[in-house]
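All remarks here apply to the structure that follows.
Each reported figure results from applying straightforward, stated rules to the coordinates on display, with no laboratory input. For clarity, every value in this text was computed on a predicted model and none was experimentally measured. Cβ coordinates were reconstructed from backbone atoms using ideal geometry, including for glycine residues, and neighbour counts include every protein chain displayed.
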Amino acid sequence: MPPLVSSIFFHAIGATAAACCYVPQKRVRGWSWQSYWLTQAAFCWLLLPIIGAFLTVPEFWQVVQAAPRDAMLRTFLLGAAYGIGGTAFGVAIRYVGFSITYAAAIGISTVIGTAYAIAKGNTTLADAAVNVQAFLDKAGSNWVIVGIAIGVVGVTICGLAGRWKERDQAQAAGTAGDNRKLLIGFALCVLAGVLSAVYGIALTEGAPIAKLAEQRAAGHTVLGIDAATFCSNAIYPFANAGAFLTTAIYCLFLHARHKTLGEIVALPEGEEKASLPVNWAMAILTGCLWYGQFFFYGFGHFYIMKVAGFEQTCWAIHMILLILLGTLIGIVFKEWKGSQPRTRLALALSLGLLIVGKLLLDYGNYLGTQAVK
């Protein structure tokens, strides 16, 4: 496949994994939220990134020793900030469901993360004006910007449809809508969106680590694949370890407060329908899916870098796909059941705009790659 097509393909796989990663939470029984969240975090933010790096990055320990210390530290600290956002994301789902959480949080993340990548370019934020102008001067940049803008509009309408859905379902149940719950949920979505973008920034700041890993991978293969394809895996042990640190602190605080840490190894009495092996399996599956999204995101980023197109739009491509698929998952799980025709029409419009925005973004990238041949 051409590099751009390969990039979009792998981004789609990663976005699918991300959109599905919190679905297993619905099968967890007899665990407090902090037990589930700490267990899945131990896999997606600690164990899997380290194991993945050692298995796929040639001479990974030598890469760590040679990598710039400031890049590793910035990546770790930004990842730690993201850990707060990731936790807020998980809690927001409990308040406002999949559809609104994905639309609001990921929409904010799309704008902030992409804007930062464009402003930083291949240098630093000090050259933001030059980097932005260089981006705008590329063939197809207008299509890219329009695509992102339409995607953001689609996200906004999706959030509005979600608000109407809450009202519709409250009226159908003959109850008043819980405005306080909705307000808390939206506040968490905003926090999650801003700090989710920070994770994208962490990957941008970790680029020198990935570059060094790519140099070390020269002449090596992993499972018959050019080892350089896996170079982004060298970043995740730093970014994700930071996320795990802040997440673990919060979850352990909740365990200490509610005395629930023991349920990780022994379910409380009276939980006949709960199963400890099932809970562990669901938490591990969540961790694998979350890690899988950036495992394939790294592939997508590697291939788009090979065509010198709009590599700064990787985050937008991934996020718009994630919003689209996350909303579809909300539909599959009947979160929109009982919605009025107006709400369903707004939902359909938002999905259409997300699809159009993604296609225009891809077309702009295509024009950019053709111009550099």
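Distance cut-off 29 Å, Cα to Cα: go down the list K26/K165; K120/K165; K165/K259; K181/K334; K259/K334; K120/K358 and report the pairs above it.
Working: K26/K165 20 Å; K120/K165 39 Å; K165/K259 36 Å; K181/K334 20 Å; K259/K334 34 Å; K120/K358 23 Å.
Table pairs above 29 Å Cα-Cα are K120/K165; K165/K259; K259/K334.
Ratio of alpha-carbon Rg to the 2.2 N^0.38 Å globular estimate for segment 104-148, to two decimals, please.
On the way: Rg = 11.2 Å, N = 45, 2.2 N^0.38 = 9.3 Å.
Segment 104-148 yields a ratio of 1.20.
Can you divide the C-alpha Rg of segment 42-174 by 2.2 N^0.38 Å and report the result to two decimal places? Don't skip to the answer; put the middle values down first.
Numbers: Rg = 20.0 Å, N = 133, 2.2 N^0.38 = 14.1 Å.
For segment 42-174, the normalised Cα radius of gyration is 1.42.
Round to the nearest 0.05 the FRET efficiency obtained for I51 and K181 when R0 = 35 Å and r is the Cβ-Cβ distance. Spell out each step's value before the answer.
Values: r = 39 Å, r/R0 = 1.10.
Efficiency, from the Cβ-Cβ distance: 0.35.
Divide by every residue of the chain the summed helix terms, -39500 (n - 2.57) for each DSSP H run of at least 4, and state the resulting mean residue ellipticity at 222 nm, rounded to the nearest 500 deg cm²/dmol. Show your work: numbers first, answer last.
Numbers: 13 runs with 278 residues, N = 373.
About -26000 deg cm²/dmol.
Given a cut-off of under 8 Å on Cα pairs at least six residues apart, what relative contact order in percent is computed for segment 144-242? Let's see the in-between values first.
Working: 43 pairs, mean separation 16.9, N = 99.
Contact order relative to length: 17 percent.
In whole Hz, what ³J(HN,Hα) sequence does segment 320-337 give by Karplus (6.51, -1.76, 1.60; θ = phi - 60°), x for Gly and Pro?
With the stated coefficients, segment 320-337 comes to 5, 4, 5, 4, 4, 5, x, 5, 4, 5, x, 5, 4, 8, 6, 5, 9, 4 Hz.
Please work out whether segment 214-356 counts as rounded, prolate or oblate from its C-alpha gyration tensor, where a ≥ b ≥ c are the square roots of the eigenvalues and a/c under 1.5 means rounded, while otherwise a/b larger than b/c means prolate and anything else oblate? All intermediate terms of the calculation are to be shown ahead of the outcome.
Details: a/c = 2.40, a/b = 1.17, b/c = 2.06.
Oblate.
What is the Cα convex hull volume of the chain when expressed per residue in Å³? Let's see the in-between values first.
Details: hull volume 54.1 nm³, N = 373.
Dividing the Cα hull volume of the chain by its residue count gives 145 Å³.
Can you give me the relative contact order of the chain as a percent, contacts being Cα pairs under 8 Å and 6 or more apart? Walk me through the numbers before you get to the answer.
Values: 633 pairs, mean separation 157.8, N = 373.
Relative contact order, the chain: 42 percent.
Identify which of F244, F135, F89 has the largest mean-square fluctuation in a Gaussian network model of the chain, with springs joining Cα atoms closer than 10 Å.
Result: F135 has the largest fluctuation of those listed.
Report, please, the projected area of segment 2-89 averaged over directions, based on the convex hull of its C-alpha atoms, in nm². Numbers along the way, then the final one.
Details: hull surface 31.7 nm².
For segment 2-89, averaging the hull's shadow over all directions gives 7.9 nm².
Starting from the Cα of K273, draw a straight line to each of the aspartates and glutamates and keep only those under 17 Å, dropping any in the same chain fewer than 8 residues away.
Within reach: E263.
How much length, in nm to one decimal, is gained on full extension between K26 and L136, taken as 0.36 nm per residue of separation minus their Cα-Cα distance?
Working: separation 110, 0.36 × 110 = 39.60 nm, distance 4.42 nm.
Here the answer is 35.2 nm.
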